[in-house]
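Below is one structure, written out as structure tokens; comments come after it.
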Amino acid sequence: MIQRPSPSISTRKQPKQARATELVAAILQAAAQVLASEGAQRFTTTRVAEKAGVSVGSLYQYFPNKAALLFRLQSDEWRQTTELLCGILDDVEKPPLDRLRILVHAFTRSECEEAALRGALNDAAPLYRDAPEAQEARATANRTVEAFMKETLPEASDAVRAPAGELIIKTLSAMGADFSENPRTRAEIETYSDALADMFCAYLRSLGRQGADGTRIIPPPAPAP
């Protein structure tokens, strides 16, 4: 049974007026900056309030403690990553492998641009892994990947497509996190993304030449000269 977030990691109230919305946005921006520079262990509401230029009391109107702030940042990261993936893979105007290549480039750039924040969030992620927001983000991404794989490999069975899609997404996530651990130039990001996309596309083309059960289809021999 999925446990819903306790009140301690839920926001106290939602901003309704423009001024309140701007206040919450400033707090979240400051929280992201503090988390990226200080890390999850030294992340405090006092530091966030100072960075945002607001009182701790104003911060507590919307976020009761640092757990609530971390959970909001983590939820926003899940949502943004899911929107990136779905927005690209759902674009049926482009061929499937072109979409996959675009996704690899966009995801790798995103990982490098937000490496410090994502790295710090990884420390807090286990606390919220079973939250409804996490479940929803995973379910949405899984549906998109499933539809993409079905379009890309229409002749393959679900038993072939499902693990292939999971392998690509998990590899992309792991490789992106590893690559972004060090500062990268734009040229390095492009070169790495091209190589990773080439690998994924070659893999899917290989699967496309197999039968529905995953066995390789051997082409007929070439006619004798």
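Along the range 75-91 the Karplus relation, 6.51 cos²θ - 1.76 cosθ + 1.60 evaluated at θ = phi - 60°, assigns HN-Hα couplings of 4, 5, 5, 4, 5, 5, 5, 5, 5, 4, 4, 5, x, 7, 6, 7, 7 Hz to successive residues, with x for each Gly and Pro. Annotated for the chain: lysine pairs at least 8 residues apart or interchain, Cα distance under 29 Å, count 8. Give the label of the value calculated from the structure for Rg and Dmax of the Cα atoms in Å, choosing from [x] 21.6, 85; [y] 16.9, 52; [z] 18.1, 56. After the calculation, the listed value that fits is [x].
Distant-in-sequence amide contacts of Gln210, defined by a placed amide H-H separation under 5 Å and a gap of 5 or more residues or a different chain, comprise Ile217.
Between helix 186-208 and the chain, what is the angle of the helix's C-alpha long axis to the longest principal axis, kept within 0 to 90° and rounded to the nearest 10? Approximately 50 degrees, to the nearest 10. GNM remark for the chain: springs join alpha carbons under 10 Å apart, and the peak mean-square fluctuation among Val145, Val56, Val104 falls on Val56. The Ala177 and Glu83 beta-carbon pair, evaluated with R₀ = 25 Å, returns a calculated FRET efficiency of approximately 0.85. Full extension of the chain between Asp130 and Ala187 gives 16.8 nm of extra length, using 0.36 nm per residue less the Cα-Cα distance.
None of the figures in this text is laboratory data; all of them are computed from the coordinates on show. No experiment lies behind these values; they were computed from the predicted model shown. Positions of Cβ are backbone-derived with ideal geometry, glycine not excepted, and every protein chain shown enters the neighbour counts.
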